[in-house]
Amino acid sequence: MVRDKRGYGFLIKWLIGIGDLFILNLIFFTVYQLTGVYKIEDFNSKIRIIALLLNFCYFFAVYFVPIWIYKPVMYADKVVQRSLSVVAMHAILFFTCLFFLKLDDINQFPMYFILYFYFALFIIFPCWRIFARESLKHYRRTGKNYKRVIIVGAGKNGMNLYAEMKKENDYGFHIYGFFDDNILLKNTLPNYLGMTHEVEDFVLKNSIDEIYCTLPNSKDEKIMRIFNFAEKNMVRFYIIPEFSRYVKRRLTLESIESLPVMAVRIEPLQLAYNQIIKRTFDFFFSFIFLITLFPVLYVILGLLIKISSRGPVIFKQVRTGIYGKDFNCYKFRSMKQNEMADEKQAEKEDPRTTWIGRFLRRSNLDEIPQFYNVLKGDMSVVGPRPHMLKHTELYSTIIDKYMVRHLVKPGITGWAQVNGYRGETKTMEQMEGRVRYDVWYLENWTFLLDLKIIFVTIINMFKGEQNAY
């Protein structure tokens, strides 16, 4: 007789969906009451149609951005990102329906009502999803909604997997123990269950949900036997590749026809829609800044720079950009003209720095002309800081992964800068730290992360930074 392995865990996804709809309708009718649109006679007669259309669009929105918060591992920033993506997709679908369906009865309703609705949804919906995620984690801490798991193979990979699964007790894993043909491990393993030929009986007797196999590739006969058994008995089977022992990062599985290929680095900005989002933001942000605040700052700061020392207001320097391409990077001149400008970093108490230059550097205002670089497309608002050509040539030969940071456009500010790696790098450890943060940004980019970096940078501008000189 075939055993039903679903249990009641699938209900969690449905409960989250019901909660989504409840929040959506609660916001809708709250805005409906607070804005007083119910007093508008023509609009009041169409409210049911509008509410129905908004609920209808939700089902398509979660089709494009599925509910994932019930998965064992998902961090808060990803929950927020996906929540905002659902709201954005919902808005696109709703306005598309209005445009193509040509519902004249609805197209006359006050636009401010729907703008208030989506503004509230953008704020409240991520909060609801975070609350749902935290509630699920609390529920799992009580021992509910867990997956019954065994690990086949007790080598280094198996022990690393066990440590990661046990790191948090709210991931929803109940690890029964290990199977390994080395019986000498019986007294050292957290829970030795037997040899690999005993896996099948144990799985059937204990209703195991998932098998994680960490056996080496040389044991392919054993791997295939357990894999075929898992397929036949509807047990999910996962393989931990051998190279995970020395490649400690998230990987992407791709394929060439039926041949699986592992990409050793995840780069969100390789995706076209992420590039469009980032470039669209860069263009409008830099354009608005350049036509509003920049002319005023240029006149005021330009005058002070001219008073402080002879030379141009704007300092131009060739730096390394995306894919190693050189470009002219612009800054407000903060130093007296000197022959070492293209070779030597600014130092503490640097005699080359002018009195206004010290202020510009502490406040990040010297970087403002780089918004022109952003508008041109040489730079982004957020990204790894571009280095002088001499530094690129030097550090690329002695620091591992240094050139990886050039797989994205350089930025006016960056993840390394808001984490303390701004200004002069006196030691190799400091440069390695900066590179480590830059590569992390490359592999973990989100639009929300960019907004966070911009916000922290603005705060630091008013606070001042010790490393900026």
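A few points about this structure:
- Matching option when the condition is surrounded by fewer than 22 Cβ atoms within 10 Å (Cβ to Cβ), under 30 Å from Ile288 (Cα atoms) and polar (S, T, N, Q), among Thr397, Thr446: Thr446
- Scan the stretch 127-145 for residues that are assigned to a helix (DSSP H, G or I) and modelled with pLDDT under 85 and the total you get is 9.
- Across the stretch 397-412, the number of residues qualifying as of a type outside the set (A, V, I, L, M, F, W, C) and out of contact with any strand residue (DSSP E or B) (no Cβ under 9 Å at 6 or more places or on another chain) comes to 5.
- So His174, is it surrounded by fewer than 18 Cβ atoms within 10 Å (Cβ to Cβ), at pLDDT 90 or above and not assigned by TED's automatic domain parsing to the domain that holds Ala132: no
- Selection count where residues are in contact (Cβ under 8 Å) with a residue 60 or more places away in the chain and in contact with a Phe, Trp or Tyr (Cβ under 8 Å, 6 or more places away or on another chain), scope the stretch 115-153: 10
- Among residues of the stretch 422-458 being hydroxyl-bearing (Ser, Thr, Tyr) and over 23 Å from Asp282 (Cα atoms), the one that is modelled with the highest pLDDT is Thr427.
- Residue in the stretch 369-387 that is free of Cβ contacts under 8 Å to residues at least 24 places away in the same chain and within 24 Å of Ile266 (Cα to Cα) present: no
- Checking each residue in the stretch 24-46 for being surrounded by fewer than 17 Cβ atoms within 10 Å (Cβ to Cβ) and modelled with pLDDT of 75 or more picks out Asn25, Leu26, Phe29, Thr30, Gln33, Leu34, Thr35.
- Positions within the stretch 289-314 being touching a Lys or Arg at 6+ places or on another chain (Cβ under 7 Å) and within 20 Å of Val381 (Cβ to Cβ), in sequence order: Ile314
- Verdict on Arg434 being buried (at least 23 other Cβ atoms within 10 Å of the Cβ) and touching a helix residue (DSSP H, G or I) at 6+ places or on another chain (Cβ under 7 Å): yes
- Against the conditions (1) surrounded by 16 or more Cβ atoms within 10 Å (Cβ to Cβ); (2) modelled with pLDDT of 85 or more, Gly377 satisfies every one except (1).
- Residues (free of Cβ contacts under 8 Å to residues at least 40 places away in the same chain and over 28 Å from the mean Cα position of the chain (by Cα)) located in the stretch 316-327: Lys316
- In the stretch 169-210, the residues that are in contact (Cβ under 8 Å) with a residue 40 or more places away in the chain and farther than 13 Å from Ala154 by Cα: Tyr171, Gly172, Phe173, Val199, Phe202, Val203, Asn206, Ser207, Ile208, Asp209, Glu210
- Taking the listed residues Ile454, Ile399, Ile459, Ile412, the one that is out of contact with any Cys (no Cβ under 7 Å at 6 or more places or on another chain) and assigned to a loop (DSSP other than H, G, I, E, B) is Ile399, with no other qualifying.
- The stretch 352-374, subset polar (S, T, N, Q) and not in a helix (DSSP H, G or I), residue nearest to Ile453 (Cα to Cα): Asn364
- Of the residues screened, Arg148 is not one that is within 19 Å of Lys78 (Cβ to Cβ) and either assigned to a strand (DSSP E or B) or of a type outside the set (A, V, I, L, M, F, W, C) (or both).
- Taken as a whole, the condition of being buried (at least 18 other Cβ atoms within 10 Å of the Cβ), aromatic (Phe, Trp, Tyr) and at pLDDT below 95 does not apply to Trp355.
The values are calculated or read from the model by the stated rules, or taken from the named source; none is laboratory data. If you're wondering where the values come from, they're calculated on a predicted model, not measured in any experiment. Virtual Cβ from ideal backbone geometry, glycine too; neighbours counted across all protein chains shown.
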